[in-house]
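Undergrad: Below you will find the structure I want to go over with you.
Nothing in this text is a laboratory measurement; each read-out follows from the coordinates by a stated rule. Treat the numbers as computed from the prediction; the structure is a model and nothing was measured. Here Cβ is always computed from backbone atoms with ideal geometry, including for glycine, and neighbour counts include all displayed protein chains.
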Amino acid sequence: MPLPLLLDTDPGIDDAMALLFALASPELELLGVTTVFGNVPVEQTARNALHILDAAARPDLPVVAGASQPLARPPWPRGKFHGVDGLGNLNLPPPARSPAQWPGGAPGFIADTVLARPGEVTLIAVGPLTNLAQALQRQPRLPGAVRQVVLMGGAMFCPGNITPVAEANIFHDPEAARQVFAAGWPLTLVGLDVTMQTCQTPDDLEAISRVDTPAARFITRILPVYLESYRTYHNMDVVPTHDPSAIAFALDPSLFSVQRMPVYVETEGRCAGQVVADPRRQWSPLPEIDVCTGVDSRRLLARFHARLGLQAGSRRA
Ligand code: RIB
Ligand code: CA
């Protein structure tokens with residue numbers, strides 16, 4: 001039986017790769033997509049999600065738009081890391097359909113969908129955690145009804161990517177992250193500690209560009225801007241596999257090593273958005289979550305590429 005899945009996302013180039021990865025995985029049954037502000041404003045993340053579903057020929061799946069700003073602070077000024085439109089400057093015309101209207105928007109859709117199938121639905125979030133925090137505020141029974149929660153976010157034992165200590169998804173709404181971590185649901189964090197170890201090279205991009213599947217064709221159009229941003233802003237000639245790693249965890253947790261530990265989210269001052277791990281339990285009581293601390297990146301990328309349609313060995317050594 002495929003795993004029923006909800007994806008909360010802010011597309012975003014790596015979000016697009018994550019969504020296409022999920023759609024190409026028969027082990028997963030995507031029930032819908034909720035979007036949040038983040039890489040671009042929420043109206044644009046919703047439009048982008050619709051475009052990605054169109055590219056995958058899945059116009060049947062609902063896209064529900066959610067939070068346009070963080071819970072308790074002004075939004076951080078936007079960059080162009082993912083292109084002006086969030087999809088590698090494709091500048092696509094408006095999508096053929098509009099986002100679905102749902103009572104309570106994305107938080108309402110998340111709560112209603114999870115509660116309709118108690119114990120079954122996996123919730124994956126790869127953007128700021130505002131929609132999840134609002135879903136928890138709306139439906140206190142949510143933690144007991146979800147199967148598992150997988151989040152791309154945090155930098156516990158490595159540098160941040162938006163400040164020296166903070167990863168972008170947590171940084172964009174630290175108050176929401178604090179609430180989501182404290183909810184007492186089965187939660188796994190797939191953060192920069194593992195996603196920065198799982199990088200695609202220009203050779204991978206070239207290999208993807210030779211594949212004739214809808215997912216590979218779409219990724220070929222958007223990935224060059226992401227690669228250029230990593231070159232420009234991080235001096236790296238590779239792209240980390242952030243959001244697809246959360247999908248990979250849902251598909252096969254054995255790709256990762258996981259440690260359970262207390263975590264604290266800083267919300268003040270220059271370290272706002274930092275997720276502090278407390279493995280020695282010196283500050284307990286703190287919420288305890290599962291944190292991915294290691295990854296078999298070769299196996300993860302092989303799986304991702306296979307799902308895009310790459311034949312084993314089609315990448316140059
Ligand atoms: O830090 C990586 C995360 O922030 C990813 O979700 C990516 O989409 C980004 O903006
Ligand atoms: Ca994202």
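Undergrad: Go through segment 262-307 residue by residue and tally those that are free of Cβ contacts under 8 Å to residues at least 40 places away in the same chain, among the hydrophobic types (A, V, I, L, M, F, W, C) and crowded, with 18+ Cβ neighbours inside 10 Å.
TA: Qualifying residue count, segment 262-307: 1.
Undergrad: Which one of these is in contact with a Phe, Trp or Tyr (Cβ under 8 Å, 6 or more places away or on another chain) and closer than 23 Å to M17 by Cβ: T220, T213, T188?
TA: T188
Undergrad: Kindly indicate whether any position in segment 107-121 is surrounded by 14 or more Cβ atoms within 10 Å (Cβ to Cβ) and under 25 Å from P262 (Cα atoms).
TA: yes
Undergrad: Can you name the condition, by its number, that V150 falls short on among (1) in a helix (DSSP H, G or I); (2) among the β-branched types (V, I, T); (3) within 16 Å of ligand 2 (Cβ to nearest atom)?
TA: (1)
Undergrad: Of all residues in segment 161-184 being in a helix (DSSP H, G or I) and among the polar types (S, T, N, Q), which is nearest to ligand 1 (Cβ to nearest atom)?
TA: Only one residue tops the list, namely N169.
Undergrad: Among the helices (runs of 4 or more DSSP H) confined wholly to segment 185-252, which include 3 or more residues that are at negative phi and surrounded by fewer than 24 Cβ atoms within 10 Å (Cβ to Cβ)?
TA: Of the helices (runs of 4 or more DSSP H) lying wholly inside segment 185-252, those with at least 3 residues that are at negative phi and surrounded by fewer than 24 Cβ atoms within 10 Å (Cβ to Cβ) span 202-209, 214-234.
Undergrad: Another one. Which of the residues spanning segment 265-298 are of a type in the set (S, T, Y) and assigned to a strand (DSSP E or B)?
TA: Answer for segment 265-298, where residues must be of a type in the set (S, T, Y) and assigned to a strand (DSSP E or B): just T293.
Undergrad: Name, by its number, the condition in (1) surrounded by fewer than 17 Cβ atoms within 10 Å (Cβ to Cβ); (2) touching a residue at least 40 places away in the same chain (Cβ under 8 Å); (3) within 16 Å of ligand 1 (Cβ to nearest atom); (4) not β-branched (V, I, T) that does not hold for A72.
TA: (3)
Undergrad: Being within 21 Å of L3 (Cα to Cα), among the hydrophobic types (A, V, I, L, M, F, W, C) and in contact with a helix residue (DSSP H, G or I) (Cβ under 7 Å, 6 or more places away or on another chain) narrows it down to one residue among L30, L87; which is it?
TA: Selected residue: L30, the only one of L30, L87 that is within 21 Å of L3 (Cα to Cα), among the hydrophobic types (A, V, I, L, M, F, W, C) and in contact with a helix residue (DSSP H, G or I) (Cβ under 7 Å, 6 or more places away or on another chain).
Undergrad: Of the conditions (1) under 18 Å from W76 (Cβ atoms); (2) in contact with a Pro (Cβ under 7 Å, 6 or more places away or on another chain); (3) aliphatic (A, V, I, L, M), A135 clears all except one; give me its number.
TA: (1)
Undergrad: Can you work out which of the residues in segment 84-105 that are within 16 Å of ligand 1 (Cβ to nearest atom) and surrounded by 22 or more Cβ atoms within 10 Å (Cβ to Cβ) is farthest from I124 (Cα to Cα)?
TA: G88
Undergrad: Quick check on my filter: what residues within segment 23-63 are touching a Ser or Thr at 6+ places or on another chain (Cβ under 9 Å), assigned to a strand (DSSP E or B) and either without any contact (Cβ under 8 Å) to a residue 60 or more places away in the chain or more than 16 Å from ligand 1 (Cβ to nearest atom) (or both)?
TA: Answer for segment 23-63, where residues must be touching a Ser or Thr at 6+ places or on another chain (Cβ under 9 Å), assigned to a strand (DSSP E or B) and either without any contact (Cβ under 8 Å) to a residue 60 or more places away in the chain or more than 16 Å from ligand 1 (Cβ to nearest atom) (or both): L28, L31, G32, V33, V63.
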